[in-house]
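The values are calculated or read from the model by the stated rules, or taken from the named source; none is laboratory data. If you're wondering where the values come from, they're calculated on a predicted model, not measured in any experiment. Every residue, glycine as well, gets a Cβ built from its backbone with ideal geometry; the counts of neighbours run over all protein chains shown.
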Amino acid sequence: MRVRIFADQQALSRAAVAQAADVVRQAIAARGKTRLLVTADESHRELLDILAPAPGIPWGQVELFHDAEYVGLGAAHPASLRRFLCERLIAKTRIGRTHLLDGERDPDRVCREEGEQLRAAPIDLAFAGIGEKGELALNTPPADFAIEKPYLIIGLDEATRRRIGKRDGAEASSQVPERAITISVRQLLQATTLIVCAPGGEKAEAVKRCAEGTMSPLAPASILQTHPDATLYLDRHSAALLTPAPATEG
């Protein structure tokens, strides 16, 4: 796993988008289309705002997936991850095909049907983030590294719901349901290229455990160490505890 560190979140986001644009263009040049998975995480707001108008991306040849949604939430709900993704990316582009996890439908059926679509062909590029507890998508510790299902239904405890509510701008943890659909760890690792963005000092301890610690389900993002083409994008705050401190770009 490569680690790149930038002075601030904007520089981090611009560098990540530059890499993403290259991967997308190369895939389209090779096959005439690309398959992309994004995370609907509040920490990726600035990245998505830069990605949407990025020059040279033929969005009509992109097939888009995303990583998670809360069970029971409609697309108009303030805490809906679909809503976030639509506002930040889909409404600003002309993406050829989208696969949105529908929180209002039967979650078992959503996992099965969208999982079949996700597995139908390789994902050229996946964006991911690292949570304050080392989460990948909504895979909280201890994460299941073995399960092969592409999407899972998971329970969210009260502490996790409060943390997500604060992170995603929900007014209270009660707005975050007790269950969610999330991409599995193993499925996320199937992406050919992984771009992992983790800005912010509140993630410094999780970043250190996941980048330098022993791989463990107690630090779900530590499994990124095994991916052959993963790049971890940090700002100086989230990288503050790494030893020795790598040089800062930009």
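Would you mention how many residues in segment 75-123 are of a type in the set (Ser, Thr, Tyr) and closer than 21 Å to Ile147 by Cβ?
Number satisfying all stated conditions: 0.
Listed by first and then second residue, the pairs with beta-carbon distance under 8 Å, at least 6 apart or on different chains, first residue in segment 136-154 and surrounded by 14 or more Cβ atoms within 10 Å (Cβ to Cβ), second assigned to a strand (DSSP E or B) and among the polar types (S, T, N, Q), are Ala137/Thr182; Leu138/Thr182; Asn139/Thr182; Tyr151/Thr182; Leu152/Asn139; Leu152/Thr182; Ile154/Asn139; Ile154/Thr182. All of Gln225, Gln187 fail the test of being buried (at least 20 other Cβ atoms within 10 Å of the Cβ), modelled with pLDDT of 95 or more and either farther than 18 Å from Ala7 by Cβ or of a type in the set (S, T, N, Q) (or both), apart from Gln187. Of everything in segment 20-36 that is over 11 Å from Thr192 (Cα atoms), out of contact with any Gly (no Cβ under 8 Å at 6 or more places or on another chain) and among the aliphatic types (A, V, I, L, M), the residue that is surrounded by the most Cβ atoms within 10 Å (Cβ to Cβ) is Val24. Remark: pairs (first residue in segment 29-42, at negative phi; second residue of a type in the set (Ser, Thr, Tyr) and part of a strand (DSSP E or B); Cβ separation under 6 Å; 6+ apart in sequence or on different chains) are absent.
Among the residues that make up segment 9-26, is at least one of them in contact with a Ser or Thr (Cβ under 9 Å, 6 or more places away or on another chain) and part of a loop (DSSP other than H, G, I, E, B)? Looking through segment 9-26, none of the residues is in contact with a Ser or Thr (Cβ under 9 Å, 6 or more places away or on another chain) and part of a loop (DSSP other than H, G, I, E, B). Taking the residues in segment 24-65 that are hydrophobic (A, V, I, L, M, F, W, C) and in contact with a Phe, Trp or Tyr (Cβ under 6 Å, 6 or more places away or on another chain) as candidates, determine which candidate is nearest to Gly200 (Cα to Cα). Top of the filtered list is Ala40.
Conditions tested, residue by residue: (1) at pLDDT below 95; (2) within 14 Å of the chain's Cα centre (by Cα); (3) aromatic (Phe, Trp, Tyr).
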position	(1), (2), (3)
Arg82	yes, yes, no
Gln117	no, no, no
Leu125	no, yes, no
Ala128	no, yes, no
Glu135	yes, yes, no
Thr140	yes, yes, no
Glu148	yes, no, no
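Looking only at residues in segment 17-50 that are of a type in the set (A, V, I, L, M) and in contact with a His (Cβ under 9 Å, 6 or more places away or on another chain), the one that is farthest from Phe84 (Cα to Cα) is Leu37.
Answer yes if at least one residue in segment 203-216 is part of a loop (DSSP other than H, G, I, E, B) and touching a residue at least 60 places away in the same chain (Cβ under 8 Å), and no otherwise. Scanning segment 203-216, I find no residue that is part of a loop (DSSP other than H, G, I, E, B) and touching a residue at least 60 places away in the same chain (Cβ under 8 Å), so the answer is no.
Rundown of residues vs (1) without any contact (Cβ under 8 Å) to a residue 60 or more places away in the chain; (2) out of contact with any Lys or Arg (no Cβ under 9 Å at 6 or more places or on another chain); (3) over 20 Å from Ala128 (Cβ atoms); (4) of a type in the set (Val, Ile, Thr), yes/no style:
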residue	(1), (2), (3), (4)
Val17	yes, yes, no, yes
Asp22	yes, yes, no, no
Ile57	yes, no, no, yes
Ala91	yes, yes, yes, no
His99	yes, yes, no, no
Glu114	yes, yes, no, no
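Looking only at residues in segment 155-167 that are touching a helix residue (DSSP H, G or I) at 6+ places or on another chain (Cβ under 7 Å) and either surrounded by fewer than 20 Cβ atoms within 10 Å (Cβ to Cβ) or of a type in the set (Asp, Glu) (or both), the one that is modelled with the highest pLDDT is Glu158.
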